[in-house]
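Every read-out reported here was derived from the displayed coordinates using simple, explicitly stated rules and does not represent laboratory data. Keep in mind that what you see is a predicted model, and the values were worked out from it rather than measured. Every residue, glycine among them, receives a Cβ derived from its backbone with ideal geometry; neighbour counts consider all protein chains shown.
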Amino acid sequence: MSNVKKFMYINNKAPYGTIYAWESLEVVLIGAAFDQDVSLMFTGDGVYQLMKGQDTKEVGIKNFSPTYAALGDYDINKIYVEKESLDARGLTVDDLMHLVWEDEDEDWAEKDSIKVVTSAELAEILDQQDVVLSF
Amino acid sequence: MKFGIQVNEGPYTHEASVTAINFIKSAVAKGHEVFRVFFYHDGVNNGTRYATPPQDDINIQQTWSDLAKEHNIDLVICVAAAQRRGLADDGEQERNKLDGNNIMDGFRISGLGQLIEAGIECDRLVVFGD
């Protein structure tokens, strides 16, 4: 179909403190039904959205982080995390949830969804997008 | 060019709404089309008719309503965001058994698919807010 566009969702805010991260994820999930070419990008404090072991009991806010694991089932498997943002926060990819998708073309082999990329690489990826939604 | 607009902030705390209004006025004046404005997050509060700002202040909700009528712009409030924040039209009032509704003339409440559709249909989707 010629009507497939490249959609990029930029997430640059911490998961809690404001609702942007959670409501962004809601857009991504609804948008998945439209069969577009979807990528997600996590920069700045947005990288905290993917931290493993999130526990929000003490703050009394819903922990929505398990939802990210469902993205693979929605064919959303291009999740870019900015290396500089991880470095600045003393984090590595091992601090993040292990998000995977199953590749239909390779006998449903499980593959990693998260790619750590430099800001220069991210700029190139952004340049290829048709629609950029930032939250 | 055909524009889609997303407004992510409430009308008075943040300048995003007024900036979006100014952008739309300029775009239309230059002959562009604004297909739809999608209100998300606290942006849904742009669509209440119960705002009564001081007379020497801009009435942002009314400005949206007038702008939509004048230029035939589709103003869509996200239903999921609206339900969290207490924005309701007739349909929402009935479905959720509320004792009233507060949507401003010219707005309608619908799903997030309307935002994705705007992204697909428009040449540019422009997001206003942090």
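Pick from segment B:1-53 the residues that are among the aromatic types (Phe, Trp, Tyr) and farther than 18 Å from B:GLU70 by Cα: which of them is nearest to the chain's Cα centre (by Cα)? Ranking the qualifying residues of segment B:1-53, first place goes to B:PHE39. Looking across segment B:1-37, the residues that are of a type in the set (A, V, I, L, M, F, W, C) and touching a residue at least 40 places away in the same chain (Cβ under 8 Å) come down to B:MET1, B:PHE3, B:ILE5, B:VAL7, B:ALA16, B:VAL18, B:ALA20, B:ILE21, B:PHE23, B:ILE24, B:VAL28, B:PHE35.
Counting only residues that are within 13 Å of the chain's Cα centre (by Cα) and in contact (Cβ under 8 Å) with a residue 12 or more places away in the chain, how many does segment A:65-92 have? Quick ask: steps written out before the conclusion?
Taking segment A:65-92 and keeping what is within 13 Å of the chain's Cα centre (by Cα), we get A:65-72, A:74-82.
Within this subset, residues satisfying the condition of being in contact (Cβ under 8 Å) with a residue 12 or more places away in the chain are A:65, A:67-72, A:74-82.
Number of matching residues: 16.
Can you name every one of the strands (runs of 3 or more DSSP E) wholly within segment B:63-130 that holds 3 or more residues which are within 14 Å of another protein chain (Cβ to nearest Cβ) and touching a strand residue (DSSP E or B) at 6+ places or on another chain (Cβ under 9 Å)?
Result: B:74-78, B:124-128.
Residues that are buried (at least 17 other Cβ atoms within 10 Å of the Cβ) and hydroxyl-bearing (Ser, Thr, Tyr) within segment A:35-88 comprise A:SER39, A:THR43, A:TYR48, A:SER65, A:TYR68, A:TYR80, A:SER85, listed in sequence order. Applying the criterion of at least 1 residues that are within 14 Å of another protein chain (Cβ to nearest Cβ) to the strands (runs of 3 or more DSSP E) found wholly in segment A:32-135 leaves A:37-42, A:131-134.
Could you list all residues from segment B:1-20 that are within 17 Å of B:ARG124 (Cα to Cα) and surrounded by fewer than 22 Cβ atoms within 10 Å (Cβ to Cβ)?
First pass over segment B:1-20, keeping only residues within 17 Å of B:ARG124 (Cα to Cα): B:1-8, B:19-20.
Result: B:MET1, B:LYS2, B:PHE3, B:THR19.
Here B:TYR40 meets each of (1) crowded, with 21+ Cβ neighbours inside 10 Å; (2) free of Cβ contacts under 8 Å to residues at least 12 places away in the same chain; (3) hydroxyl-bearing (Ser, Thr, Tyr) with one exception, condition (2). Are any of the residues in segment B:31-53 assigned to a strand (DSSP E or B), among the aliphatic types (A, V, I, L, M) and more than 19 Å from B:ASN102 (Cα to Cα)? Checked against the condition, which is being assigned to a strand (DSSP E or B), among the aliphatic types (A, V, I, L, M) and more than 19 Å from B:ASN102 (Cα to Cα), segment B:31-53 yields at least one hit. Report yes if some residue within segment A:17-25 is farther than 26 Å from B:GLY111 by Cβ and within 14 Å of chain B (Cβ to nearest Cβ); otherwise report no. Within segment A:17-25, one or more residues are farther than 26 Å from B:GLY111 by Cβ and within 14 Å of chain B (Cβ to nearest Cβ).
I'd like to know if segment B:94-102 contains one or more residues that are touching an Asp or Glu at 6+ places or on another chain (Cβ under 7 Å) and closer than 18 Å to B:GLY10 by Cα. Within segment B:94-102, not a single residue is touching an Asp or Glu at 6+ places or on another chain (Cβ under 7 Å) and closer than 18 Å to B:GLY10 by Cα.
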